[in-house]
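Colleague: Quick one: this structure, given as structure tokens, is what I'll be asking you about.
The values are calculated or read from the model by the stated rules, or taken from the named source; none is laboratory data. These numbers were taken from a predicted model, which means no experiment stands behind them. Note: ideal-geometry Cβ built from the backbone for every residue, glycine included; neighbour counts use all protein chains shown.
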Amino acid sequence: MARVLAFKPLSDALGVRLLAAGWAEVWPGGWDFPCLCRDFWVLYRNDRDGAWVEHDGLRTPLAAGCAYLIPAWKGYRTGTAARLRHFYGYFEVRGLGLELMTHDLPGVMAVPATADDGCLARLAAAPGRLPGPADQARLVALAAATLAAHLPAEGAAAGGDPQLAPALRHMAAEFRAPQKVARLAALCALGDDAFTRRFRAALGATPAQYLRRLRVQEAARLLLDRDLGLAAVARACGLGNPAYLSRVFRAVTGMAPAAWRRSRWRTEPAAPPPAPDPPAARAASRPGRR
């Protein structure tokens, strides 16, 4: 797996960053996971037919040579009935609210063929070669183009009100700390009442509600780490203590933090390939490597 940091802004408040990329050899049954849920976005491209992804009961075959993007926080199943090689990329999308990621976006998005200049085919044909800076930038551009095709207008920068962008950038960077409306309004060169009115019209929430969503989004990410207790999660996301974390988290997501953790965390079953394959291939096929 290659650690990479290519980044592409979609707007003042939204951007895509490539976290890692790599390849894996997959055998029949070696990619059969009953439930995966990740705190990052995943791109898959297989060199053969035979694999599929299922979300909310809808199964999407991963056609050979085509790429697919799966948003963070979407629970999905996977399976394969063929031996194949798949290329994968992991992405972070900054500035996208938890409510949009969990409810409004499709569970599986096809990467537009028109957005690819052959980058994925080149990478898939050269397993072991780490993507260079140019290919990293192309991968991020592919993910960004796929996201943009599904992003509703209200999810764009500042909900379509560019003057709010300074406040959104500040809130995204400092969401753990208390935020005063006067300070946020001053960043946007607006009075307090005008800022609050325009913020609600653009984002569908008050500044306090939006800040709460940012904190819950971070809490949801942290809850995927089973070793973190609720007190540590509450402190790390700016929600103070477990009782307040639980109350706010339930109000935003409809679930208690413990229930979210149970429903999102699953042990990925080990699925060894057939015995005739060599030891090196067996190691490459293990689910924990992808």
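Colleague: Does any residue of the stretch 67-79 turn out to be of a type in the set (A, V, I, L, M, F, W, C), surrounded by 16 or more Cβ atoms within 10 Å (Cβ to Cβ) and in a loop (DSSP other than H, G, I, E, B)?
Modeller: Within the stretch 67-79, one or more residues are of a type in the set (A, V, I, L, M, F, W, C), surrounded by 16 or more Cβ atoms within 10 Å (Cβ to Cβ) and in a loop (DSSP other than H, G, I, E, B).
Colleague: Among (1) in contact with a helix residue (DSSP H, G or I) (Cβ under 8 Å, 6 or more places away or on another chain); (2) touching a residue at least 40 places away in the same chain (Cβ under 8 Å); (3) within 30 Å of Gly22 (Cα to Cα), where does Arg122 come up short?
Modeller: (2) is the only condition that Arg122 fails.
Colleague: Limited to the stretch 99-118, what total is found for residues that are in contact with a helix residue (DSSP H, G or I) (Cβ under 7 Å, 6 or more places away or on another chain), outside any loop (DSSP other than H, G, I, E, B) and at pLDDT 85 or above?
Modeller: Summing the residues that are in contact with a helix residue (DSSP H, G or I) (Cβ under 7 Å, 6 or more places away or on another chain), outside any loop (DSSP other than H, G, I, E, B) and at pLDDT 85 or above in the stretch 99-118 gives 1.
Colleague: Are any residues in the stretch 255-270 modelled with pLDDT of 75 or more and of a type in the set (Gly, Ala, Ser), and if so, which ones?
Modeller: Of everything in the stretch 255-270, those that are modelled with pLDDT of 75 or more and of a type in the set (Gly, Ala, Ser) turn out to be Ala256, Ala258, Ala259.
Colleague: Okay, moving on. Pro273 fails exactly one of the following numbered conditions: (1) over 24 Å from the mean Cα position of the chain (by Cα); (2) modelled with pLDDT of 90 or more; (3) surrounded by 13 or more Cβ atoms within 10 Å (Cβ to Cβ). What is the number of that condition?
Modeller: The failed condition is (2).
Colleague: A further question on this structure: Quick check, is Leu130 under 26 Å from Trp23 (Cβ atoms) and modelled with pLDDT under 85?
Modeller: Yes; evaluated as a whole, the condition is true for this residue.
Colleague: Could you list all residues from the stretch 206-234 that are under 29 Å from Phe195 (Cβ atoms) and among the charged types (D, E, K, R)?
Modeller: Arg212, Arg213, Arg215, Glu218, Arg221
Colleague: Can we say Arg226 is outside any helix (DSSP H, G or I), at pLDDT below 80 and in contact with a Phe, Trp or Tyr (Cβ under 9 Å, 6 or more places away or on another chain)?
Modeller: Against the criterion (outside any helix (DSSP H, G or I), at pLDDT below 80 and in contact with a Phe, Trp or Tyr (Cβ under 9 Å, 6 or more places away or on another chain)), Arg226 qualifies.
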